[in-house]
Amino acid sequence: MRPDRRKFIRETICAALGGASVYSAFGGMKLLQAAARHDYGFTNYKALVCVFLYGGNDSFNTIVPISGAARTNYQLVRPNLALPTAGLHALNAPASGAGSPGDGSSYGLHASMPELAALFNANHAAIVANVGSLVRPTTKTEYQGGSAVLPPQLFSHADQAAYWQSSPPSNAPVTGWGGRLADLVASANPPDIPILTSLGGQDAFVRGESVAGYVMNSYGPNVIDFPYELSGDDALRSAFDALHAQGQANALERTFGNAMRHSVATATLLQATLGAAGMPNFDGYFAGAGEIGEQLETVVKLIWAANNNVPGYTGLSRQVFFVTGGGYDTHSDQLATQGGLLVELSKALSGFHAALTSVSLADRATAFTASDFGRSLSNNEDGSDHGWASHQFVVGGAVAGKKFYGDNLAGTGSAQMPSLAPSDQNPNDGGYGQMIPTTSVEQYSATLAKWFELSDSDIDLILPNLGNFNTRYLGFV
Amino acid sequence: MLPARNVRRLLCLAVMLVCAASGASALAQSHRPDAMLHDGFDGAAAGPATDADASRFLAQATFGPTDADIAHLRAVGYQAWLNEQFAAPQSLEMTYLDWVADTLHEQVGHQNRREAWFLGALGGPDPANNALIHSDQLRQRIAFALSEILVVSDQNAQLAEFPTSIAYYYDILVANAFGNYRTLLEKVTLSPAMGTYLNMRGNQRADPSRNIHPDENYAREINQLFSVGLVMLKADGTPQLDGGGHPIPTYSQATISAFAHVFTGWNWYDCDDNGFDNFTDCGPDYTTGENWLHPMVPYDQPNQPNNGDPSYHDNGTGPNDLHSKQLLAYPGAQAGGVLADGGSAASDLQFALDNIYGHPNVGPFIAKQLIQRLVTSNPSPAYVKRVADVFNANRTSPNQLRAVAQAILLDPEARYGQVYSDKYGKLREPLLALTHFWRAMDARHTCGRDFTQGGLQNHYANQPYRYAGYVTGWGTDDDQYGSGIAQAPMNAFSVFNFFKPSYLPPGEMTANGLVGPEFQLQTESVIANTVNSVEGRAFYFDVAQVCDAGDDFGEVKVNHAKDLALAGSGNGGAADPADRLVDAYSKRFMSGQMSPFMRQTLLAYLNRIDSSWTEGVTDWRLWRIHTALYLVFNSPEYMVQK
């Protein structure tokens, strides 16, 4: 039994600080106030799915130049890692103008990713180029001259992963932007069904100011494994339930009993939902897609359930999911390691789309990748080191695919794949092949939030640095 | 005529019986614990009068009551017990880590730091010298509470690389747990761990040409979280309200900016000595980690230590400095809170810390949180004021926090406030429930091997007091794989700790304006994992188990069989009931407060267990012990310490 979230949020504000002070991290109180006054009422269902790749995926060997100056530079600058053109899967983006890589070169995906390339060429996947954590637009001159205002700890895994998930860059992210999204749309959803869910562990992305992320296993909820009953009945379980039933004498005890019953009920609901009658078997779409595929398949099931009148799982309009993969920190043995990871990622993302298409829900969900950072353009012996800007994928029926998106230094909103020239001749290269982003995480996230149908002012609230960039919405969805 | 004292006792009894009877029908089992039938007018410090009272006190003052502790406290009384605790030798994490590095020649990692924490929290023999018994429970409990206010976390990537950084920091809290809060604030401020966590280290005066502005992180958090809080408070911790009924902010953005400018110029003690040329490139001693173990020092003299080095401290005299910095303003603030130009980094820091510490909010702000960590989430304003008054009366005393701890624990509201309110108490946080279980059930580390791997030594054979193990001591933060308790020491997500003091659980508590900070951590998924963890401890991880030959690090296990005699004396069943076990568990775990309803529910189940229940156990009575522990530790009545 949980009350109307909007009422709860209002009461939280009144009881906590009384409206005057706003100095909590990221204006959390402003967020709660906004949530209390804005009534989102959606007539449709949408789901955002963050696919976080821990370690910093090497974008330069994921989206690889096939021809043009970029190809020449690519082979020159990373001789130990450069992938041959044979085997790459060509991306048929426009050669010039809007949607092109913007550097006159053509690109293809790593040989491990035929499915994702096909999805791109079928208009259902897009690439966001040269995106990374920024406080504001930053030029090479500023960066190397020491006058740039930068996110702290630029090449640190934990910090950068946190900034991608929480935005803006800060040492102590209390909430993630996925959580802040959920805070704002909570009132448009039933109170007893998780709307902010991680299938890949606890992290900042799924922490909201008032909404706590529900952390599940990749295949289902964490359930209480009630102990084996030697008596062969459920007497122990009954005693457990009796102790958590209503009627405790103390208010805190009643609240804990309530929380326990709710935990059991939610896990039971999710188990039942995932085993709902009539749910198609999506296994075939995720063969060979690894752990990421397993998580995405569960997301597909939940999205299907939310749109197919599964008892107990109805009335949902907005959900946020978080799935994760690891192992992308390829300082060494990159060719083999990344090759294997990208096989699974390609199958998982394309399987996600195909599964939803099979049940006519492809346009209801947008999946987007994110990672701590890209990697250095230059290589070490057999791997690459921490970089900064990266390229990411957006996948879904609503995506305007087969295009490259992003911003550029001029802030005019047309994608610009970075130069791959050697560092001293490279206007994008901050040094050692660590690319300075031309698109910010804020702009990337804002575009997704806009698709989610948040108001412009609420998007500014959850992404406070967005105003530092000229182009708010990149147009990929 | 009865002596007045006895009249009061009878009146008290009558009141309590009325209270007890009003909430339950004669036929239904009461969910209310039996009223504490003792005299509350002799003074809270006289006692404990019963084992239950002793257990309640120890639940507040230690990491969980044990039968032995209860007996000892009964024997000596509250004040003598407190005096013993104030005199007990300190358990320091660095001592343990130094032993691991210098004697065992192991590579020190964060798992060792957690071992050190559990050694302090569980107490008992020291692994390096079994004759030394760790017994400073109250000091450790206060330090743990302080670590949840003055938060530093190994979720910070740099701190995660250097376990000694956090151990050194924690030892500051331990060493000053009974000391002076102003002193503590200064030592915390100058610790490299805090300097790293909240960015004061390396913070420098403004230089607009390079777009450098002093970082505001520490300035903000030292005010918001470590001292005065966001809104002006009355002496009893309740917010002051302006004419319109709104709370009054304690400070403005300008105040924070001023503090940020003060907190400049501090860095590692060995910048310029450790191979780095200057302030901005100074880094940790990667090989030795040594500079994590020394307070930060100021770099505020031009040409010090080398020619050409500037001063990095904003003291108001530089072209881009902030002049006459306005810090906190309040009646009695020195110089109205205005920091004059021309000081040094050290003198300016003293002024700033004095300015913060002198604010009238500090007493009630800290007093209330310490009460929340030890006793109850929603103390009465009067209780907060009594403790804040002690804090303030001891402002310059080196024993300030000792007096505060005593005031918290011996206050009537701590000793018997639960009798008069059903909104009293606090949800036990996962680490405290775990330490309680382990302490009370004679936990030891077992199994584990001595082995060398990759040139590194590991010594985990026959180490009953090295509290190690993946599933238990080390894996306590694991909440992903279906078990774990989602809380580890010094492992909070952010500087806001695992939960905020102001958290309102939805539902009845929000409706009544009751905070329940620990509820913020008990999300739906965490609760499920915690129940599974309790199952593991209740049924498995027993010291009698045969060790797996390949078990490298072992685990922490308990002695379930210690309660065999309580669990039955014949063949079980209703003829050989489990009353003694249930009552013992009520006393040991629940301070004697198990309600008749819960007692009846437990007995109805446990009395079905008889001597035919031999599957998987060496003694049928273990089934009663396992299931009783499982039901008790998951129950709302246990989970709420009251």
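We did not get these values from a lab; they are worked out from the coordinates using the rules stated. On a predicted model such as this, the values are computed, not experimentally measured, just so you know. Heads up, the Cβs are rebuilt from the backbone with ideal geometry, glycines too, and the neighbour counts pull from every protein chain shown.
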Please tell me the relative contact order of the range B:386-535 in percent, rounded to the nearest whole number, where contacts are Cα pairs under 8 Å and at least six residues apart. 16 percent
Taking the alpha-carbon set of the range B:247-371, what are its Rg and Dmax in Å? 17.2, 52
In sequence order, calculated HN-Hα J values of the range B:382-388 (Karplus, 6.51, -1.76, 1.60; Hz; x Gly/Pro): 5, 5, 4, 5, 4, 6, 4
Total charge of the residues flanking residue B:341 in space, meaning their Cβ is under 12 Å from its Cβ, with Lys and Arg +1 and Asp and Glu -1, is -2
Peptide A:259-265 - average C-beta neighbours from other chains (10 Å radius): 6
Rounded to the nearest 20 Debye, what is the dipole magnitude of the protein assembly as shown about its Cα centre when Lys and Arg each give +1 and Asp and Glu each give -1 at the C-beta? 3200 debye
Residues of B:615-627, mean number of Cβ from any other protein chain within 10 Å of their own Cβ, rounded to a whole number? 1
With residue A:77 itself left out, Lys, Arg at +1 and Asp, Glu at -1 over residues whose Cβ is under 14 Å from its Cβ give -1
Using the Cα centre of the range B:266-418 as origin and beta-carbon charges of +1 (Lys, Arg) and -1 (Asp, Glu), tell me which of B:340, B:326, B:396 is placed farthest towards the positive end of the dipole. B:396
In the P(r) worked out for the range B:483-632, what percent of Cα pairs fall beyond 24 Å? 49 percent
In the range A:193-279, the chymotrypsin sites (Phe, Trp or Tyr not before Pro) that fall in loop regions by DSSP, at most 13 other Cβ within 10 Å: A:219, A:228
Cα-Cα pairs of the range A:163-273 separated by more than 18 Å (percent): 62 percent
Selection from B:436, B:128, B:240, by position along the positive dipole direction of the protein assembly as shown (Cβ): B:240
From the phi of every residue in the range A:72-78, what ³J(HN,Hα) in whole Hz does the Karplus formula 6.51 cos²θ - 1.76 cosθ + 1.60 yield, where θ is phi - 60° and glycine or proline is x? 4, 4, 3, 5, 6, 8, 10
Could you state the principal axis extents of the C-alpha atoms in the protein assembly as shown, from the largest down, to the nearest angstrom? 105, 77, 66
How big is the convex hull of the Cα atoms of the range A:318-403, per residue, in Å³? 111 Å³
Taking B:510, B:452 and counting other beta carbon atoms within 10 angstrom, the fewest-first order is B:452, B:510
Report the convex hull volume per residue for chain B, counting only C-alpha atoms, in Å³. 186 Å³
Taking the C-alpha atoms of the range A:220-282, how large are the radius of gyration and the largest Cα-Cα span, Dmax, in Å? 14.9, 48
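Just the ratio, please: alpha-carbon radius of gyration of the range A:82-207 over 2.2 N^0.38 Å, N its number of residues. If you can, show how the numbers build up before the last one.
Details: Rg = 19.3 Å, N = 126, 2.2 N^0.38 = 13.8 Å.
Normalised by 2.2 N^0.38 Å, the Cα Rg of the range A:82-207 equals 1.39.
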What nm value, rounded to one decimal, do you get for the distance between residue B:67 and residue B:334 when each label is placed 7 Å out toward the C-beta? 5.6 nm
State whether the range A:118-192 is rounded, prolate or oblate according to the following rule on the C-alpha gyration tensor (a ≥ b ≥ c being the square roots of its eigenvalues): a/c under 1.5 gives rounded; otherwise a/b larger than b/c gives prolate, and the remaining case gives oblate. oblate
Restricting to Cα pairs below 8 Å that are 6+ residues apart, what does the relative contact order work out to for chain A? Please round to a whole percent. 28 percent
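For a quick check: sort A:120, B:519 by the number of other beta carbons within 10 angstrom, fewest at the front.
B:519, A:120
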Which one of A:43, B:253, B:199 is farthest out on the positive end of the charge dipole of the protein assembly as shown, using unit charges on Cβ (Lys, Arg +1; Asp, Glu -1) and the Cα centre as origin? A:43
Under a Cβ-only charge scheme (Lys and Arg +1, Asp and Glu -1), can you give me the dipole magnitude of chain B about the Cα centre, in debye to the nearest 20? 2640 debye
Amide H of residue A:376: which non-local residues (sequence gap of 5 or more, or other chain) have their own amide H closer than 5 Å, using H built in the peptide plane? A:385, A:386, A:387
The range B:64-208: C-alpha gyration tensor shape, a/c 1.5 cut-off, then a/b vs b/c: oblate
Non-local residues with an amide H under 5 Å from the amide H of residue A:108, with H modelled 1.01 Å from N and Pro and chain starts lacking one, are A:64, A:66, A:91
List every residue whose amide H lies under 5 Å from the amide H of residue A:413, counting only residues 5 or more places away in sequence or on a different chain, with H placed 1.01 Å from N in the peptide plane. A:408
Net charge contributed by nearby residues that have their C-beta within less than 9 Å of residue B:120 (K/R +1, D/E -1): -1
Area projected by the alpha carbon convex hull of the range B:93-174, averaged over all directions, nm²: 5.1 nm²
Order of A:294, B:637 under a 10 Å beta carbon neighbour criterion, fewest first: A:294, B:637
Given 5 Å bins starting at zero, what is the percent of C-alpha pairs of the range A:379-445 in each, up to the one with the largest pair distance? 3, 15, 22, 23, 17, 11, 6, 2, 0
Using the Cα atoms of chain A to build a convex hull, what is its mean projected area in square nanometres? 24.2 nm²
Charges only on Cβ, +1 for Lys and Arg, -1 for Asp and Glu: so what's the dipole of the range A:267-371 about the Cα centre, in debye to the nearest 20? 420 debye
Derived scalar couplings ³J(HN,Hα) [the range B:248-253; Karplus, 6.51 cos²θ - 1.76 cosθ + 1.60; whole Hz; x for Gly, Pro]: 10, x, 6, 7, 10, 4
